[in-house]
Amino acid sequence: MSTYILVHGAWHGSWCWKRVRQSLQARGHQVFTPTLTGIAERSHLLSPHVNLDTHIADVVNLIQWEELSHVVLCGHSYGGCVVTGVADRIPDSVDALVYLDAFVPENGQSLYDILPPEMRDGQLQGAQQIGDGWKVPPIPAEVFNVNRGDLDWVNRQCTMQPLATFQQPLRLTGGIARIKNITFILASGWSPSPFPPFYERAKAKGWKTLSMSCGHDVMLDLPEELTQELLAAIT
């Protein structure tokens, strides 16, 4: 039995992992899909003070209080920033790291440092217009090429994201370098995507890399195929 922690991306929540969570559990694995502070069913905790460190602490504390070890840690999209911070802080608890169509920041970088400027500027404009200056409205599911069956559901489920989570630089101490088992999965079925450069960088680093032909929300478009890749991540 393996232990999986699946971290959602911006505007999403535990709900997006439901199919993959159930699929892994049916195979006898332990699975946690934490919802990050201020989002989805935890949106009542939304405030300007919720930042990237808050979300890293959400996952670090889960691992510590559940007394988890040998974790397969997967981050989707913005969740790549979160799992990078988690793996750096407690590398001895993480056996494998999976970036699912995700950002991979370096020390001192925020998500907005590595997001294409036109995407960043559009989000900042949305925050000013309808987010009181500190909340970023969800990107429509159509932009991510979510499958037609889930399109309306995803748009209903997504909630505002605290702007500070995108603006706070990630501080790394070097602990993440101790993790050798790293996979990057690229979703190739949507455009324009900011993630191909991270995929190419992962290949150059010698990480395991693969591409899946679907929209950005891989866990919704290809849940069984993603389950198989998560199982393979620990081999």
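What follows draws every value from the coordinates through simple rules; no lab data is involved. Worth saying up front: this structure is predicted, and the values here are computed from it rather than measured. As a convention, Cβ positions derive from the backbone with ideal geometry for all residues, glycine included, and neighbour counts pool all protein chains shown.
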- Message: Using a 10 Å cut-off around each Cβ, can you sort 222, 68 from fewest to most neighbouring Cβ atoms?
- Response: 68, 222
- Cα-derived Rg over Rh, computed across the range 3-232 with Rh taken as Kirkwood radius: 0.93
- Under the Karplus relation 6.51 cos²θ - 1.76 cosθ + 1.60, θ = phi - 60°, what is the ordered set of whole-Hz ³J(HN,Hα) values for the range 154-159, x standing for Gly and Pro? 4, 5, 6, 7, 5, 10
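Of 65, 11, how do they rank once you tally other Cβ atoms within 10 Å and put the fewest first?
65, 11
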- Task: Apply the Karplus parameterisation 6.51 cos²θ - 1.76 cosθ + 1.60, with θ equal to phi minus 60°, to every residue of the range 112-128 and state each ³J(HN,Hα) to the nearest whole Hz, in sequence, with x for glycine and proline.
- Result: 5, 6, 10, 8, x, x, 5, 6, 4, 5, x, 5, 5, 5, x, 5, 6
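Jot down the per residue volume, in cubic angstrom and as a whole number, of the convex hull over the alpha-carbon atoms of the range 134-208. It would help to have the intermediate numbers written out before the result.
On the way: hull volume 10.4 nm³, N = 75.
Considering the Cα atoms of the range 134-208, their hull volume per residue is 139 Å³.
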- Distant-in-sequence amide H partners of residue 32 (H built 1.01 Å from N, under 5 Å): 4, 5, 6
- Query: By counting other Cβ atoms within 10 Å of each Cβ, how are 95, 113, 88 ranked from fewest to most?
  - Reply: 113, 95, 88
- Message: Under 5 Å between amide hydrogens, which residues at least 5 positions from residue 163 or on another chain qualify, with H placed 1.01 Å from N in the peptide plane?
- Response: 135, 136
- Item | Helical contribution to [θ] at 222 nm, DSSP H n ≥ 4, -39,500 (n - 2.57), averaged over the chain, rounded to 500 | -10500 deg cm²/dmol
- Can you work out ³J(HN,Hα) from phi for every residue in the range 189-203, in order, using Karplus 6.51 cos²θ - 1.76 cosθ + 1.60 and θ = phi - 60°, giving whole Hz and x for Gly and Pro? x, 8, 7, x, 10, x, 9, x, x, 6, 4, 5, 5, 4, 4
- Query: For the chain, modelled as a GNM with alpha-carbon contacts under 10 angstrom, which of 38, 79, 122 fluctuates the most?
  - Reply: 122
- Query: Using a Gaussian network for the chain with springs between C-alpha atoms less than 10 Å apart, which of these wobbles most: 160, 219, 119?
  - Reply: 119
